Structures are given as structure tokens and as C-alpha cells.
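Data first, discussion second: the structure below is written as C-alpha cells.
The values are calculated or read from the model by the stated rules, or taken from the named source; none is laboratory data. Quick caveat, the model's predicted, so the values are computed rather than measured. Note that we place each Cβ from the backbone using ideal geometry, even for glycine, and neighbour counts take in every protein chain shown. Side chains included, ligands, DNA and RNA excluded: accessible areas come from the protein's heavy atoms. Shrake-Rupley method; radii C 1.70, N 1.55, O 1.52, S 1.80 Å.
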Amino acid sequence: MSLINKEISDFTVQAYQGKEFKTVSKKDVLGKWAVFFFYPADFTFVCPTELEDLQNKYEDFKKAGCEIYSVSTDTHYVHKAWADHSERIAKLQYVMLADPTHALCKDFDVLIAEDGVAERGTFVVNPEGKIVAYEVNSGNVGRNADELFRKLQALQFVALHGDEVCPAKWKPGEETLKPSLDLVGML
């Protein structure tokens, strides 16, 4: 079953950001674009490369009005310990959500129940709190922040220009497509 246009459920979780603990809830997410970036666990191998790649693109996401929320089933205390022991993770400026109860993993359907960890899932959520794009990767394949940012830009463009669609590899300033009325229902 597709998660496109599914509204995210109410949630309140602990988080770690900027050497501080905080609480984050659904109301903090609404009203702006958001990326939920699920990863299996702290203190692993592929995860820090992905999180660092996302950090390197974080300013672009912020300028585009999008907040990043990385999510694992670790606690906020484990997130802090990881940041204290990893130069890559210490650089992170975006929010690291703690999901030890698996509420977020279940809502976004990325929980690997037998292992108690998350799949590598990336979800773009619009300002109304609805999932408008997502991708789930095998645990041994890292993701690309540049491509994620390109998708965000395309989703934002389409949200503003509902009668236009973005072709493959579209980037801002490039030509879009305007489907004919006969084809609109087939998109």
C-alpha cells in the first residue's frame, strides 16, 4: 500500500540537536517542508556517511524552507554519545529524533521488527503533514543528499504550479511539462 498523501500521525519524541535535548512533536513539523531520514542505528558504518552528506547539504534544505529530521530507534542519550565520539556526527546541526518505542518507524512503515531497527527510509512531508515522496533502500546502500534535494525542489515546484510536472532529472529553471487535459487523469 502506498504512503503517498498519508498524513503523518501525531507524535511526541525526544531529540538531540546542537548538544541539547529537546522534545519534538507533529506540531513542530507542520507549516514547513520536512524530510524524515530513517537509518538503522547509531554507531554503525553506512549511517555516518549518509548523515554527514545530509549535513553538507543542510543549508540548502533550510534555504528551501525544509527541516531535516534524522530518525533511528536509539534514544536521545545514544545520539548524544555518538556525537560525543564521532567527528562526523558532532557536525550535525539538524534534529536527531529518538524512536525507541518504534512509534515513528511503525507510522512510516520502516520498522524491521525482528531487529528492532529502521530500514533506510527517506520521506518528504509537505507543510500539511502529508507524505509526498518516499524511498526505502537496502540497509547496505547509502543515499545521496544531492538527489534528495533535487526531489524536494521538484516537489515544491509542483506544489506551487499544479498544472505542470517535472520530467526526469529536472532542476529549477529547466523546462517542465504541461499535460494535456486528456492525459491528466493518467498521471
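Among A118, A90, which is under 18 Å from E50 (Cβ atoms) and without any contact (Cβ under 8 Å) to a residue 12 or more places away in the chain? Step through it out loud before you land on a result.
Numbers: A118 fails: without any contact (Cβ under 8 Å) to a residue 12 or more places away in the chain.
None of the others qualify; the one that does is A90.
Out of curiosity, is V24 open to solvent by less than 30 Å² (accessible area, probe 1.4 Å) and either charged (D, E, K, R) or at negative phi (or both)? It would help to see each step written out before you state the result.
Values: open to solvent by less than 30 Å² (accessible area, probe 1.4 Å): yes; either charged (D, E, K, R) or at negative phi (or both): yes.
In short, yes.
Being hydrophobic (A, V, I, L, M, F, W, C), open to solvent by less than 80 Å² (accessible area, probe 1.4 Å) and in contact with a Lys or Arg (Cβ under 8 Å, 6 or more places away or on another chain) is the filter here, so list the residues in region 1-21 that pass it.
Passing the criteria: I8, F11, A15.
Within region 65-72, is there a residue that is touching a Pro at 6+ places or on another chain (Cβ under 7 Å), outside any strand (DSSP E or B) and not acidic (D, E)?
no
Check whether at least one residue in region 96-107 is at positive phi and of a type outside the set (S, T, Y), and report yes or no. Don't jump to the end; show me each part of the working.
From region 96-107, those at positive phi are 102; that's our starting set.
Of the ones still in play, those that are also of a type outside the set (S, T, Y) are 102.
Checked against the condition, which is being at positive phi and of a type outside the set (S, T, Y), region 96-107 yields at least one hit.
For the structure I just gave you, tell me whether D99 is closer than 24 Å to E7 by Cα, charged (D, E, K, R) and modelled with pLDDT of 95 or more.
On the way: closer than 24 Å to E7 by Cα: yes; charged (D, E, K, R): yes; modelled with pLDDT of 95 or more: yes.
Yes; evaluated as a whole, the condition is true for this residue.
Table: residues versus (1) touching a Ser or Thr at 6+ places or on another chain (Cβ under 7 Å); (2) at pLDDT below 95.
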position: Q17; (1), (2): no, no
position: E20; (1), (2): no, no
position: T23; (1), (2): yes, no
position: F36; (1), (2): no, no
position: P48; (1), (2): yes, yes
position: E52; (1), (2): no, no
position: S70; (1), (2): no, no
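Taking the criterion of being modelled with pLDDT of 95 or more, among the charged types (D, E, K, R) and within 13 Å of the chain's Cα centre (by Cα), would at least one residue in region 108-117 satisfy it?
no
If you take the residues of region 36-63 that are open to solvent by 30 Å² or more (accessible area, probe 1.4 Å) and touching a residue at least 24 places away in the same chain (Cβ under 8 Å), which of them is farthest from Q17 (Cα to Cα)? Spell out the reasoning first.
Keep residues of region 36-63 that are open to solvent by 30 Å² or more (accessible area, probe 1.4 Å), which gives 43-46, 49, 52-53, 56-57, 59-60, 62-63.
Pick out the ones that are also touching a residue at least 24 places away in the same chain (Cβ under 8 Å) and you get 43, 46, 49, 52-53, 56-57, 60.
Values: F43: 17, V46: 21, T49: 18, E52: 14, D53: 17, N56: 16, K57: 17, D60: 18 Å.
It comes out as V46.
In the set K57, K22, K62, K32, which member is charged (D, E, K, R) and farther than 17 Å from L152 by Cβ? Show your work before the answer.
On the way: K57 fails: farther than 17 Å from L152 by Cβ; K62 fails: farther than 17 Å from L152 by Cβ; K32 fails: farther than 17 Å from L152 by Cβ.
The unique qualifying residue is K22.
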